[in-house]
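Let me begin by handing over the structure; questions about it come next.
The values are calculated or read from the model by the stated rules, or taken from the named source; none is laboratory data. Model, not experiment: these values are computed from the prediction. Counting neighbours? That spans all protein chains shown, and the Cβs are built from the backbone with ideal geometry, glycine included. Side chains included, ligands, DNA and RNA excluded: accessible areas come from the protein's heavy atoms. Shrake-Rupley method; radii C 1.70, N 1.55, O 1.52, S 1.80 Å.
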Amino acid sequence: MLREAIEAKTKTVALSLFFKYLFPFLLAVALLFGLLFMLLMWADNLVNNHSTSLDGEGTANLSQEVLQHKPSVEKYAKEFGIEEHVGILLALMMHESGGRGDDPMQASESYCGKAGCIDDPELSIKQGVKYFANILESAQGDVKLALQSYNFGSGFINFVFENGGQYTQELAIEYSSMMYDKLKHTGEYSCVRPEATKYGACYGDIYYADAVMQYHDYSTLVVAEGEWTFPVDGIKEVTSNYGYREGPFDGSKEMHQGIDFGCINHVTPIQSVNAGKVIYSKFHNNSNGTPGYGNLVMVQHGEGFITAYAHLSDLSVKRGDIVERGQQVGICGSTGSSTGPHLHFEWKTNKWSGHQNPMNLFAGKGD
């Protein structure tokens with residue numbers, strides 16, 4: 001009896017100590033983590049300020065300093081015949097200077113052969129646009145080749161045409177390494193990026209073209225023309241229409257913002273319905289972390305005209321690629337929030353909103 005009384009007393013004391021000391025501590029820790037989670041979610045919603053729960057990525061990141069120069073960029077782009085590349089020119093300025101200083105296009109070397117000779121933003125923009133127009137013509141319209149040559153100099157264009165005729169990252173590294181080997185004795189060159197050191201590619205910036213493209217706002221794009229093709233070659237049967245339907249998971253009424261096509265997992269090629277530029281190509285989750293579109297490709301076919309290809313098993317294109325009508329963008333799959341292999345296809349006016357009935361494209365009503 002005495003032993004049982006002692007054990008009971010011990011348990012009572014232990015419970016008393018737990019609720020008096022340990023439980024409040026655990027509760028405080030739980031509340032702290034809950035608060036941190038809520039703050040992170042609030043920050044995510046602030047950054048991704050979408051009208052839906054989908055998590056997108058910005059297509060532009062231009063400073064106000066750059067945007068204030070847009071009228072001048074447009075004026076000289078028109079003067080030198082490259083008005084369709086205003087977005088690229090603004091992105092170039094953003095990378096070079098953020099729109100600040102007296103030489104926002106960093107065009108002095110192309111103007112007078114040395115840095116610092118331009119002290120007028122208007123002259124800088126005129127010279128920068130003129131120089132880019134010249135190298136773009138020499139690059140036969142290859143935008144990435146022209147951009148990299150804006151950094152390397154026009155000699156890079158000849159090097160590329162002697163080695164395949166099209167810009168590649170490998171050729172940029174090879175050219176930089178070759179030029180650095182020739183000029184390193186001058187002591188004027190050093191690697192602007194640590195990752196270039198392993199290649200000995202310390203002449204210019206080997207990743208200049210991609211660095212500029214990250215700021216490109218895609219406001220000037222390949223515009224779709226002619227007949228629209230179906231995204232699944234030879235298959236025109238829609239398995240789920242655009243509009244309100246019963247949700248596939250809980251039966252609740254939901255808005256289906258696209259149309260679905262049946263296809264074979266990991267086998268059926270998915271193709272772009274018309275020419276355009278890829279503005280999104282990666283795995284997508286909703287902003288709250290739940291499954292979303294899975295492997296997703298978006299193609300912009302002109303201002304306010306975007307198509308999307310969701311639940312792909314594999315991606316065949318990357319952001320920034322130009323695609324033609326009928327070109328493969330991925331392979332049929334069931335990734336993300338999906339009940340089985342199919343293509344979810346959308347047509348919309350904005351990246352994450354403005355959904356339209358895609359069947360109107362194929363009925364000739366989407367022009």
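Sort out which residues of the range 110-141 are of a type outside the set (A, V, I, L, M), within 29 Å of the chain's Cα centre (by Cα) and part of a loop (DSSP other than H, G, I, E, B), and write them in order of number.
Gln140, Gly141
Let me ask something additional. Among residues belonging to the range 312-367 that are open to solvent by 30 Å² or more (accessible area, probe 1.4 Å) and β-branched (Val, Ile, Thr), point out the one that is nearest to Lys236 (Cα to Cα).
Step by step, filter the range 312-367, then rank; the result is Ile331.
List the number of the failed condition for Met298; all other conditions in (1) open to solvent by less than 10 Å² (accessible area, probe 1.4 Å); (2) part of a loop (DSSP other than H, G, I, E, B) hold.
Going through (1) open to solvent by less than 10 Å² (accessible area, probe 1.4 Å); (2) part of a loop (DSSP other than H, G, I, E, B) one by one, Met298 breaks only (2).
Here's another thing I want to ask about it. Look at the range 309-322 and say how many of its residues are touching a residue at least 60 places away in the same chain (Cβ under 8 Å) and either among the aliphatic types (A, V, I, L, M) or farther than 13 Å from Phe283 by Cα (or both). Working first, answer last.
Narrowing the range 309-322 to residues touching a residue at least 60 places away in the same chain (Cβ under 8 Å): 309, 320, 322.
From what is left, the residues that are either among the aliphatic types (A, V, I, L, M) or farther than 13 Å from Phe283 by Cα (or both) are 320, 322.
Total meeting the criteria: 2.
Which one is modelled with the highest pLDDT among residues in the range 301-311 that are open to solvent by less than 20 Å² (accessible area, probe 1.4 Å) and assigned to a loop (DSSP other than H, G, I, E, B)?
His301
Moving to a separate point now. Being surrounded by 14 or more Cβ atoms within 10 Å (Cβ to Cβ), outside any loop (DSSP other than H, G, I, E, B) and modelled with pLDDT of 95 or more narrows it down to one residue among Lys144, Lys75; which is it? Please lay out each step first, then the result.
Working: Lys144 fails: modelled with pLDDT of 95 or more.
From the options Lys144, Lys75, the qualifying one is Lys75.
Oh, and also: Which pairs do you get when a residue that is open to solvent by less than 50 Å² (accessible area, probe 1.4 Å), found in the range 89-105, comes within reach of a residue that is of a type in the set (Lys, Arg), reach meaning Cβ atoms under 8 angstrom, with the pair 6+ apart or on two chains?
Leu90/Lys70
From the list Asp210, Asp205, which residue is open to solvent by 20 Å² or more (accessible area, probe 1.4 Å), at pLDDT below 95 and either closer than 30 Å to Met298 by Cβ or under 26 Å from the mean Cα position of the chain (by Cα) (or both)?
Asp210
So, in the range 258-272, of the ones that are open to solvent by 60 Å² or more (accessible area, probe 1.4 Å) and not in a strand (DSSP E or B), which residue ends up nearest to Phe362 (Cα to Cα)? Explain how you work it out, then say what you get.
Taking the range 258-272 as the starting set, the residues that turn out to be open to solvent by 60 Å² or more (accessible area, probe 1.4 Å) are 264, 266-267, 269.
After this cut, where a residue has to be not in a strand (DSSP E or B) as well, the list is 264, 266-267.
On the way: Ile264: 22, His266: 25, Val267: 24 Å.
So the residue we want is Ile264.
Return the pair list, or none, for Cβ contacts closer than 6 Å from residues in the range 287-308 that are within 9 Å of Gly276 (Cβ to Cβ) to residues that are outside any loop (DSSP other than H, G, I, E, B) and open to solvent by 10 Å² or more (accessible area, probe 1.4 Å), at least 6 apart or on different chains.
From residues that are within 9 Å of Gly276 (Cβ to Cβ), the pairs are Gln300/Lys277; Ile306/Gln300; Thr307/Trp347.
Of all residues in the range 228-241, count the ones that are at pLDDT 85 or above and open to solvent by 70 Å² or more (accessible area, probe 1.4 Å).
Residues flagged as at pLDDT 85 or above and open to solvent by 70 Å² or more (accessible area, probe 1.4 Å) within the range 228-241 amount to 3.
Any chance the range 192-200 includes a residue that's more than 24 Å from Tyr309 (Cα to Cα), surrounded by 19 or more Cβ atoms within 10 Å (Cβ to Cβ), within 29 Å of the chain's Cα centre (by Cα) and at pLDDT below 90?
Yes.
Within the range 251-281, can you find the residues that are modelled with pLDDT under 95 and charged (D, E, K, R)?
Lys253, Glu254, Lys277
Ile173: under 30 Å from Lys70 (Cβ atoms) and either at pLDDT 90 or above or surrounded by 22 or more Cβ atoms within 10 Å (Cβ to Cβ) (or both), yes or no?
Criteria not met by Ile173.
Looking at the range 216-227, can you tell me whether even one residue there is more than 30 Å from Ala77 (Cα to Cα) and at pLDDT below 95?
Checked the range 216-227: at least one residue is more than 30 Å from Ala77 (Cα to Cα) and at pLDDT below 95.
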